[in-house]
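The values are calculated or read from the model by the stated rules, or taken from the named source; none is laboratory data. What you see is a predicted model, and the numbers here were worked out from it, not measured in a lab. Note that we place each Cβ from the backbone using ideal geometry, even for glycine, and neighbour counts take in every protein chain shown.
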Amino acid sequence: NLKPVQVKLVLLGEAAVGKSSLVFRFVNNEFQENKEPTIGAAFLTQKCRLEDKVIKFEIWDTAGQERFHSLAPMYYRNAQAAVVVYDVTKAASLDKAKSWVKELQRQANPNIVIALAGNKIDLVQPNEEGEDDSESGRQVPTEEAKAYALEAGLLFFETSAKKGDGVRDVFTEIAKKIPLE
Ligand code: GTP
Ligand code: MG
């Protein structure tokens with residue numbers, strides 16, 4: 001029965017990488033196959049209980065379509081956390097993620113906690129050796145994205161909003177990094 005600490009969190013990333021699906025998984029523990037593109041942004045809240053604190057995330061799920069780009073500063077302004085999402089089966093979506101990270105590091109709160117999430121890992125089938133098969137659909141090697149995240153000072157995750165893999169970790173690890181006021 002700790003008083004929840006409110007944390008404003010923004011999701012950014014190219015259209016259709018699965019931002020809304022990640023939030024839907026985190027909040028409702030469900031998945032919808034053909035989710036509608038987000039228009040403008042959506043707002044949701046969800047609590048995350050840790051041993052020593054309760055975080056109440058106030059989540060701004062932004063629209064990835066380019067025509068909404070200019071709205072983003074309204075949502076990342078004053079945000080204490082950001083999840084920048086790309087699609088592991090789409091190399092260009094990592095480039096877009098990197099440009100969001102740059103924009104956040106230049107314009108957002110200097111203490112913002114940023115997580116990079118490579119989504120849709122369910123589309124990558126491991127081969128018999130347990131390694132990622134080049135024909136499996138993966139376009140972004142884990143090591144490449146991880147190295148970038150390390151260099152840029154980001155938390156790093158691979159996720160599947162569809163299966164649920166890694167989704168809770170994104171929010172829990174962010175919650176752990178938020179200082180208690
Ligand atoms: P915008 O709102 O337009 O920026 O898109 P978004 O990033 O919110 O993507 P959204 O969650 O709407 O998902 C886009 C499509 O990808 C939908 O058809 C989802 O069902 C699908 N999708 C999302 N996450 C996953 C995933 O982890 N695995 C698979 N296989 N499909 C996913
Ligand atoms: Mg969306």
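Among the conditions (1) of a type in the set (Val, Ile, Thr); (2) more than 16 Å from the chain's Cα centre (by Cα); (3) more than 16 Å from ligand 2 (Cβ to nearest atom), the only one that VAL88 does not satisfy is (2). In the condition set (1) among the acidic types (Asp, Glu); (2) over 16 Å from the mean Cα position of the chain (by Cα); (3) within 13 Å of ligand 1 (Cβ to nearest atom), GLU51 is compliant with all but (3).
Conditions (1) touching a Ser or Thr at 6+ places or on another chain (Cβ under 8 Å); (2) under 17 Å from GLN6 (Cα atoms); (3) small (Gly, Ala, Ser); (4) in a helix (DSSP H, G or I), marked per residue:
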residue	(1), (2), (3), (4)
LYS35	yes, no, no, no
THR45	no, yes, no, no
GLU51	no, yes, no, no
GLU58	yes, yes, no, no
TYR86	yes, no, no, no
TRP100	no, no, no, yes
GLU144	no, no, no, yes
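Evaluation of ASP87 against the conditions (1) at pLDDT below 95; (2) within 11 Å of ligand 1 (Cβ to nearest atom) shows that the sole unmet condition is (1). Out of PHE68, PHE43, PHE57, one residue alone is aromatic (Phe, Trp, Tyr) and under 17 Å from VAL167 (Cα atoms). It is PHE57.
Only one of the listed residues (LEU22, LEU104) is in a helix (DSSP H, G or I), among the hydrophobic types (A, V, I, L, M, F, W, C) and more than 16 Å from ligand 2 (Cβ to nearest atom). That residue is LEU104.
Pairs linking a residue in the range 135-157 that is at negative phi to a residue that is in a loop (DSSP other than H, G, I, E, B) and surrounded by fewer than 15 Cβ atoms within 10 Å (Cβ to Cβ), with Cβ atoms under 6 Å and 6 or more positions apart or on different chains, are SER136/GLN125.
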